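S.K.: The structure's right below; bear with me while I get my questions together.
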Amino acid sequence: MAIALVQILNTIASLALISVGLAIIFGMMKVMNFAHGELLMLGAYSVQTAYSNGVNLWIAMFVIAPIFVGIVGILIELLVIRHLYGRMMDTLLATWGISLFITGLITMIFGNVTQGISTPLGFYEIGGIRDSAYKFLIIGVTVVLFAGIWIVLKKTRMGLIARATMNNPGQVSVLGVNPRVVYTVTFAAGAAISGLAGAVLAPVTGVVPTMGAAYIGKAFITVICGGDAIFAGTAIASVLFGSINQVTTIVSTAEFGEVALLIGALLMLRVLPKGISSLVSNRAV
Amino acid sequence: MSETATPIISTRNIGKHFGGVKALEGIDFDLAEGELRCLIGPNGAGKSTFFRCLTKQYKPSTGEIFFRGRNVSRLKTHEIARLGIGIKTQVPNVFDGLTVYENLHLAANARMYGAAADEACDAAIERMALQRIVDERLDRLSHGQRQWVELAMIITSRPVLILLDEPTAGMTGEEVAKTAELIHEINRDTSLIVVEHDMNFVRAIARKVTVFHQGRIFAEESAEEIMHDPKIGEIYLGKRKKVQ
């Protein structure tokens, strides 16, 4: 039972991790980022490459990966997204092109083979059943990341400016804020968080150029079902769908778990077209 | 606030064209430090366009803008705001997704940090009697309340020049009187330009009035002279009649 609980929490945390970067870029900025999966993949490759070249695993995971993918995010925003704000369909096509470009580039550099990082932290054992202790790290990182994002959005000047810019970009400039800078920083933050997520998940998923495709669907389902309150919505959607997925997996198979997640999402959007956010306080972020 | 000879803001030959339509043409305008000026004119005369040109929300097609003698024509909207120019537009331009306090804090953060920003917010809340709605989101407030919040935001940001575009639109008689009082209070340490249609309100607040007509400055006279100028009545009402 305790093992099952850890597995459910791990699935919830993994879903939240792969979704939170997209929640910032799509939920806040309304940029339909189809390259989100590739940002996760770049995070995984960053940690894999740095680690295999002798860098400490934790430095590679928590410092190098987010910084590198954050810089990639800045470049994507400056070169492509900046010219397409307010044109959702064009953004979708452009970011899809970026995703194909990044996948092709990484395949060219590293080859279409799965690389791996051995899962650190060993095992824990409850009632004679062993499981990877790394799951606790994933859960811990997710909790700390969400707490950090909430504090930044709700309690800091930077977070207030970011929320205001997404709410009314014309008016923030009248208050002395340069909305272009806010957009670039927000996109870079979303990309960096995606990079961190990809890096944290790399030891349990394997690293391959097409791994982004496995994430993108679940991330969009979670963020869209989360609704307008990007932080609270994504958190609650992750808890709900992660639980549905893992419980179904435990009682049947992993495939049925994925199907159950999808059915849960469809039912949710039927009942709550504006997502889970419509049930939470209107002051939630 | 006493007026000095150096204009806080000047424009020379400002024009704004939208395709073939000339919304503004050849506007030469000076506002002295500490002055409170009203702009009047019929709908479509170019008053709001002029405001948007001053804050660079519209890029003027011709001409130059000077702030305290410095040419600011090339600055962007956020850079103009950082000079200390605040604007309140006709439709309350606030942040619907944020609470009243967050809106005020945002405005305060434009020109100050930390405890100073907190104090500015608290002072504005007290001055505008917003205590009851301070935690409400803006999209839950009435039109009048949103107008007051936007005025409070301008006060909180402590600008040196305020542009108010029809500040009394949609307000009750009592609120209009309160707004006139507030504008006088603000004018003690801040220059103001106010676009307004209500001539009684104009007479109550301004000494000097600039009349816009068909994208040009038609007249620049005292409020009393404007009230008795038959030409002004003509452009407002299409016939020779005094402004009421």
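S.K.: Dipole size in debye (nearest 20) for chain B around its Cα centre, Lys and Arg Cβ +1, Asp and Glu Cβ -1?
M.R.: Here the size comes out at about 940 debye.
S.K.: Rounded to the nearest 0.05, what FRET efficiency do A:Glu125 and B:Arg82 have when you use their Cβ-Cβ distance and R0 = 51 Å?
M.R.: After rounding, the FRET efficiency stands at 0.25.
S.K.: Along the charge dipole of the stretch A:18-212, which of A:Tyr51, A:Thr205, A:Pro66 sits closest to the positive end, that is, farthest toward it, with unit charges on the beta carbon of Lys, Arg, Asp and Glu (+1, +1, -1, -1)?
M.R.: A:Pro66
S.K.: List the residues whose amide H sits under 5 Å from the amide H of B:Tyr58, counting only those 5 or more places along or on another chain, with H placed 1.01 Å from N in the peptide plane.
M.R.: Residues meeting the amide H criterion: B:Cys53.
S.K.: Now, a different point. Can you put A:Ser173, B:Ser142, A:Ser46, B:Ser73 in order of Cβ neighbours within 10 angstrom, beginning with the fewest?
M.R.: So the ranking, lowest neighbour count to highest, is B:Ser142, B:Ser73, A:Ser173, A:Ser46.
S.K.: Taking the Cα centre of the stretch A:18-212 as the origin, how large is its charge dipole in debye, to the nearest 20, when only Lys and Arg (+1) and Asp and Glu (-1) carry charge on their Cβ atoms?
M.R.: 580 debye
S.K.: Could you state the number of Å between the C-alpha centres of the stretch A:83-111 and the stretch A:157-223?
M.R.: The distance from the Cα centre of the stretch A:157-223 to that of the stretch A:83-111 comes to 15 Å.
S.K.: What residue among A:Phe110, A:Phe34, A:Phe146 has the largest mean-square fluctuation in a Gaussian network model of chain A, using Cα springs under 10 Å?
M.R.: Taking springs between Cα atoms under 10 Å, the residue moving most is A:Phe110.
S.K.: Follow-up question, since we're still on this one. Testing the spin-label approximation: label points 7 Å from Cα along Cα→Cβ at B:Asp198 and B:Ser61. State their distance in nm.
M.R.: 3.4 nm
S.K.: When chain A is modelled as a GNM with alpha-carbon springs shorter than 10 Å, which of A:Gly127, A:Gly242, A:Gly97 fluctuates the most?
M.R.: The residue that fluctuates most here is A:Gly127.
S.K.: Still on this structure: Filter the trypsin sites (Lys or Arg not before Pro) in the stretch A:1-102 to those in DSSP coil with at most 14 other Cβ atoms within 10 Å of their Cβ, and list the result.
M.R.: Listed in order of number, the matching sites are A:Lys30, A:Arg87.
S.K.: Report the extension gain between A:Thr107 and A:Met88 in nm, rounded to one decimal, defined as 0.36 nm multiplied by the number of residues separating them, less their alpha carbon distance.
M.R.: 4.0 nm
S.K.: In peptide B:87-94, how many Cβ atoms from other protein chains are near each Cβ within 10 Å, on average?
M.R.: What the average comes to for B:87-94 is 2.
S.K.: As a quick test, which of the pairs A:Lys30/B:Lys16; A:Lys30/A:Lys155; B:Lys56/B:Lys208; A:Lys274/B:Lys88; A:Lys155/B:Lys59 have an alpha carbon distance above 27 angstrom in this structure?
M.R.: A:Lys30/B:Lys16; A:Lys274/B:Lys88; A:Lys155/B:Lys59
S.K.: How long are the semi-axes of the ellipsoid equivalent to the stretch A:18-212, from square roots of 5 times the Cα gyration tensor eigenvalues, in whole Å, largest first?
M.R.: So the equivalent ellipsoid measures 31, 21, 13 Å along its semi-axes.
S.K.: In addition: What ranking do B:151-158, B:33-40, B:8-15 get when scored by the average of other Cβ atoms within 10 Å per residue, highest first?
M.R.: Result, highest mean first: B:151-158, B:33-40, B:8-15.
S.K.: Shifting gears a bit: Starting from the Cα of A:Lys135, draw a straight line to each of the aspartates and glutamates and keep only those under 20 Å, dropping any in the same chain fewer than 8 residues away.
M.R.: A:Glu125, A:Glu258
S.K.: Can you give the mean number of other chain Cβ atoms that lie within 10 Å of the Cβ atoms in peptide A:160-172?
M.R.: That average works out to 5.
S.K.: FRET efficiency for B:Arg68 and B:Lys231, Cβ-Cβ distance as r, R0 = 56 Å, nearest 0.05?
M.R.: E(calc), rounded to 0.05, equals 0.95.
Every read-out reported here was derived from the displayed coordinates using simple, explicitly stated rules and does not represent laboratory data. All values reported here derive from a predicted model rather than from experimental measurement. Every residue, glycine as well, gets a Cβ built from its backbone with ideal geometry; the counts of neighbours run over all protein chains shown.
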